[in-house]
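Data block below; observations after.
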Amino acid sequence: MGLQDKVVLITGATGALGHVVARIFAETGARLVLTGRRQQALAGLAAEIGLPAERALTLPADLAVAKEVGALVEAVAARWGGADILLNIAGGWRGGTRLVELTEEEWDTTLEMNLRSAFLINRAVLPYMVSRGWGRIINIASRAAVEPAARQAAYNVSKAGIVALTASIAAEYRRQGVAANAIMPSIIDTPQNRAQTPDADFSRWVKPEALAALMLYLCGEEGGSLNGAAIPVYGRV
């Protein structure tokens, strides 16, 4: 895919999807920056996928905290001059409450986890991509961004915001070699999701490997012509 020695920053790397994406991108010869909350888990992931030390950088950070995001990106710049590719997988689902019962704290927590974190990490990596005249940004949104479900208003809004943020980046930076796209999966086939709905037909869900393959395409030269898209990946749900 032409990613040899590209610097790929993967947020949410130790999650179920992030783990698969890290493994597949490690096979491309890219240099990987793995970030999440816990250094021990990040180091364990790098070892598990067989990532050589010269192509691995594990840096814990809370992406909702601007100072931690700044320190993360500065460390990447000090090691490799900045990130060429951002795979922003970090985030999570919150729901189960009707809007009138939703507290301000629950609203703020969900938007911080999904939208504020996306804003901060996207903003931080862009100057390095612009300076090189090349960059790829992929943000993970959700089907809920365009088909909001009941009892998860904050989640719906946060994922719709990611789609709008991504389109804004594409509009502002397309002439500077940066392509930004959002992927909108439905239910992803992960151990956590299986545990929550054990009676579901898992064969209909989106496989992490399918999302990783789409990311690979979007990071390649052919995929660079797609910019500002919100790509639905719904499986058969």
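Coordinate-derived values only; no laboratory data. Keep in mind it's a predicted model, so treat the numbers as computed, not measured. A quick note on method: Cβ atoms are made from the backbone with ideal geometry, for glycine too, and the neighbour counts reach across all protein chains shown.
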Treat the count of other C-beta atoms within 10 Å as a stand-in for reagent exposure and order Asp62, Asp199, Asp84 from fewest to most. Asp199, Asp62, Asp84
Under the Karplus relation 6.51 cos²θ - 1.76 cosθ + 1.60, θ = phi - 60°, what is the ordered set of whole-Hz ³J(HN,Hα) values for the range 4-17, x standing for Gly and Pro? 3, 6, 5, 9, 10, 9, 10, 8, x, 5, 8, x, 4, 6
Can you give the alpha-carbon Rg of the range 54-177 over 2.2 N^0.38 Å, where N counts its residues? 1.15
Can you give me the angle between helix 117-132 and the longest principal axis of the chain, using Cα atoms only, in degrees from 0 to 90, rounded to the nearest 10? 20 degrees
Relative contact order for the range 35-161: what percent, with Cα pairs under 8 Å and sequence separation of 6 or more? 28 percent
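Longest span of the chain, sites excluded, free of trypsin sites (Lys or Arg not before Pro) in DSSP loop with at most 15 other C-beta atoms within 10 Å?
Longest site-free region, per DSSP loop and neighbour criteria: 152-235.
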Just flag the chymotrypsin sites (Phe, Trp or Tyr not before Pro) in the range 92-136 sitting in loop per DSSP whose Cβ has no more than 16 other Cβ atoms within 10 Å. Trp134
Square roots of five times the C-alpha gyration tensor eigenvalues of the range 157-237, ordered largest first and given in whole Å, equal 29, 14, 8
Could you tell me how many cubic angstrom of Cα convex hull volume the range 85-138 has per residue? 72 Å³
With the radius of gyration and the Kirkwood radius both derived from the Cα set of the chain, what is their ratio Rg to Rh? 0.95
